[in-house]
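Student: Right, I'll just put the structure down here and ask away after.
Every read-out reported here was derived from the displayed coordinates using simple, explicitly stated rules and does not represent laboratory data. Treat the numbers as computed from the prediction; the structure is a model and nothing was measured. Counting neighbours? That spans all protein chains shown, and the Cβs are built from the backbone with ideal geometry, glycine included.
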Amino acid sequence: MYSEADLQSAVAAGAISREAAQALRDHASGMRNAPVADEEHFRLITGFNDIFVTIAAVLLLVACAGIGGAIAAGAGGLLVAGAAWMMAEFFTRKRRMALPSIVLLLAFVGGVIAIPIEIIDSTNPRFSDQVSALIGAAIALLAGGAALVHWRRFMVPITVAAGTAALAVMAVALILAAVQPLVGRDGMENVLLWLLFGAGVVVFGFAMRWDMSDRARETRRSDVAFWLHLLAAPMIAHPLFHALGVTEGRNIGALAALGVVVIYVLLGLIALAVDRRALLVSALAYVLTAMTLLFRNFGAVELNVALTGLVIGSALLTLSAFWGPIRRAVVQPLPDQWRGRLPDTA
């Protein structure tokens, strides 16, 4: 079985022509009765060797963290980052293994972040909230720089999302440091949630820029957009559902449950329009929680989980089975200028 990434690599190497690769894509999509874009391909595992290498790499990284921690503060993160980079030179740059590449990227950025955190933590500091936020912003900027360096060397699609997340954390931390004297510690949570929502909208817009540059989803840009959508989705969904009280786990009334359903439907329409399922998946946990509490409020205590699974599961399976026709019904009424920037419908 050959993935989209394998086709791209074969074209780049001259093994097959671009026309032959496109003919194969058209044949495969015709058999599925859906465009390639609707399949939302992304590369994660190409074989069990990916899992095998990932397990070995994680064991080695854990060992590096332990050995470094016994040497000096910051040495653990340094060893992890160095080991992750060296392994990426082989498993990412030469072997192009998907899952190990993702793990090694996260390990490299995490190791870079761990260096200053370990050093600061070893001094047992007592910082004010403002100073803590500024330090967090500086560490996030360092993480963004590490992601940029890694991207220029290895170009792993998830790297852009990692760097974007770091920059979002930096921006949020700087704003929190600025407004903390005005809102106080008690008001910081609400400010943080809405800053998170705003950052999620910005990341979603950034993801759409990558998506619009590859409407057919045949290049690495589509994979980059996938990870950006996966990052933006919980940042958008969590503040919205928190405002309705779903995240606090308390019983909610019919009106709040209706609000949850309305928001989920709106997110679903956006997901259909842009042909990305990340919004639906990220909001799913909140909808399941709201529906379960609602059924419990109406007296179906023993069957609340079963009824929730029946309703939501049936709806999602129906949406999955008829994604193409439903998406076409959503996209066709949109203005021509919008349709021209979105993936083709079935």
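Student: How large is ³J(HN,Hα), in whole Hz, for each residue of the stretch 153-158 in order, when computed from phi with the Karplus curve 6.51 cos²θ - 1.76 cosθ + 1.60 and θ = phi - 60°, using x for Gly and Pro?
Tutor: 8, 10, 6, 7, x, 5
Student: To continue, here is another question. Got a sec to turn the phi values of the stretch 187-202 into Karplus ³J(HN,Hα) couplings, 6.51 cos²θ - 1.76 cosθ + 1.60 with θ = phi - 60°, whole Hz, x for Gly and Pro?
Tutor: Once rounded to whole Hz, the list reads x, 5, 5, 5, 4, 4, 5, 6, 5, 4, 5, x, 5, x, 5, 5.
Student: Continuing with the same structure: First obtain the Kirkwood hydrodynamic radius of the chain from its Cα pairs, then insert it into the Stokes-Einstein equation at 20 °C and 1.002 mPa s, and state the resulting D in µm² per second as a whole number.
Tutor: 94 µm²/s
Student: Determine, from the Cβ-Cβ distance of Q22 and L316 and an R0 of 35 Å, the FRET efficiency 1/(1 + (r/R0)^6), rounded to the nearest 0.05.
Tutor: Approximately 0.65, to the nearest 0.05.
Student: What full-extension length gain, to one decimal in nm, is calculated for A15 and I45 as 0.36 nm per residue of separation minus the Cα-Cα distance?
Tutor: That pair, A15 and I45, stretches by 8.5 nm at full extension.
Student: Oh, and also: What residues qualify as long-range amide H neighbours of T46, i.e. H under 5 Å apart, gap of 5 or more or another chain, H built at 1.01 Å from N?
Tutor: A98, L99
Student: How big is the charge dipole of the chain about its Cα centre, in debye rounded to the nearest 20, if each Lys and Arg gets +1 on its Cβ and each Asp and Glu gets -1 on its Cβ?
Tutor: My answer is approximately 440 debye.
Student: Continuing with the same structure: With unit charges on the beta carbons (Lys and Arg positive, Asp and Glu negative) and the dipole taken about the Cα centre of the chain, which residue among A168, M87, V262 sits farthest to the positive side?
Tutor: Of the options given, the answer is M87.
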